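One structure below.
The values are calculated or read from the model by the stated rules, or taken from the named source; none is laboratory data. Remember, predicted model here, so these are calculated numbers, not experimental data. Cβ sites come from the backbone with ideal geometry, for glycine too, and all protein chains shown count toward neighbours. SASA here: full protein model, heavy atoms, side chains in, ligands and nucleic acids out. Shrake-Rupley method; radii C 1.70, N 1.55, O 1.52, S 1.80 Å.
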Amino acid sequence: MNRRDFMALSSATIAATAFSGTPALGQDASFIKRFASTDQLAAYTRLSALLEHPAIMAHRAGYYPWGGIPECSIFGAEQVIKRGPAFIEIDVRTSADGVPVCVHDETLDRGTTGTGRVDEVSADYIAGLTLRDNLGQATGYAIPTFEDFLDWGENGAMLWLDTKDIDPALLVEMVRARGAESRVIVSAYGREILEHYQELAPDLVYFVPFIEGLGLPDVQSILDTGLNPEHLIGMAGFDLPNMKGTLDLAEIDAPALLDVQNIDKRYEPGNVNPNLYTRAVEEGLPFICTDQYSAALDALGITDWA
């Protein structure tokens, strides 16, 4: 298949549907990975390496689009590491009093039992709320702080930090305080933010999408910030890849993340087309963000970390 062909292309039942054939919820086995340094993490995530061992990212900490497991919950993340080897994406925002919390939306209305903008309410208010699932049902699971997730991740879970509005200095401080440098990938949106991160922590591994309006239209503009190309993960796009950017990244052995969430969440559990994932890897896109991480792991035959 060529690139043009590729481009054309209820909580009670969760264990029996989304995770069929996998460890049951609550099982003790965990798929974790520990890197001795950020250089080792960077080497693991080079394009040439990922073509040998593709990688999956569980979108919003492995939430379940059909209800039961809410977004950015530690409960959901625990199910990910019990199911198989995957990076766990979490969204990090900051409360009005400066406490980083893990909430996807700008407001609390959809995903929690609260209301209002995250950055306009206190951490104490957020701590008194619980998460809603994707059907709007209250789950009883607490909204984790970023500190909660970092501490939980000491078990060896690999965290992908979607940094919504957290101050880079605070993020780096919290990561370094826990010695978590080699178990996080940090997103950096725009030239100003990326340059700030390079001043603070050039050793970390970064996800940097092309954003022309924020001074990062191409690979060279990213490298001009001083970012080590061996620590760069780029963005292929949502559903259909930006092939020029993807190929430019490939020239420096940097992978381009393909986000297929808009496609695979349309499939009912157990009915997702495995070609969605296998063709992506065949076409040189071996790092995939998905709402159906279990199906992706099965389709690609990923049974453990490399």
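Here the dipole of the chain is about 840 debye; that uses its Cα centre as origin and unit charges on the Cβ of Lys and Arg (positive) and Asp and Glu (negative).
Loop-located trypsin sites (Lys or Arg not before Pro) in the range 216-306 (DSSP state other than H, G, I, E, B) with a sparse environment of at most 14 neighbouring Cβ atoms within 10 Å: Arg266. Near Leu216, the amide H atoms lying under 5 Å from its own belong to Arg191, Ile211; only residues 5 or more places off or on other chains count, and H is placed 1.01 Å from N.
Amide H contacts for Trp160 (H built 1.01 Å from N in the peptide plane; partners 5 or more residues away or on another chain; cut-off under 5 Å): Ile88, Glu89, Ile90, Ile185.
The calculated FRET efficiency for Trp305 paired with Ala177, based on their beta-carbon distance and R0 = 30 Å, is about 0.70. Amide H contacts under 5 Å for Leu257: Gly234, Met235, Ala236, restricted to partners 5 or more places along the chain or on a different chain, H placed in the peptide plane at 1.01 Å from N. Once fully extended, how much extra length lies between Glu106 and Thr278, figured as 0.36 nm per residue of separation less the alpha-carbon to alpha-carbon distance? Length gained between Glu106 and Thr278: 58.5 nm.
Only residues of the range 57-79 count here: report those whose backbone N is under 18 Å from the spot 7 Å along Cα→Cβ of Thr113, or say none. So the set is 68-76. In the context of the full set of protein chains, residues of the range 147-306 present 39 Å² of accessible surface per residue (probe radius 1.4 Å, heavy atoms only). One decimal place: the segment Gln220-Thr130 gains 28.1 nm when fully extended, by the rule 0.36 nm per residue minus the C-alpha distance.
Here's the list of lysines a cross-link from Lys164 could span, going by alpha-carbon distance under 26 Å and ignoring same-chain residues fewer than 8 apart: Lys33, Lys265. Going toward the positive end of the dipole of the chain, with +1 on Lys and Arg Cβ and -1 on Asp and Glu Cβ, which of Tyr277, Val260, Gly190 do you reach last? Going by the Cα projections, it comes out as Tyr277. Charging the Cβ of each Asp and Glu at -1 and of each Lys and Arg at +1, and nothing else, the dipole of the range 59-188 about its Cα centre rounds to 480 debye.
Count Lys and Arg as plus one, Asp and Glu as minus one, and take only other residues whose Cβ is under 13 Å from that of Tyr293; the net charge is then -1.
With all protein chains in place and a 1.4 Å probe, the accessible surface of the chain carries 48 percent carbon and sulfur. A Förster radius of 51 Å, combined with the Cβ-Cβ distance separating Ser122 from Arg34, puts the computed FRET efficiency at roughly 0.90. Taking 4.7 Å between beta carbons as the limit, the unpaired Cys residues of the chain are Cys289. Distance between the modelled labels on Ala138 and Ser48, one decimal in nanometres: 5.5 nm (7 Å Cα→Cβ projection). Under a Cβ-only charge scheme (Lys and Arg +1, Asp and Glu -1), can you give me the dipole magnitude of the range 210-251 about the Cα centre, in debye to the nearest 20? It works out to roughly 60 debye.
The range 178-220 gives an Rg/Rh value of 1.01, both radii derived from C-alpha positions and Rh following Kirkwood.
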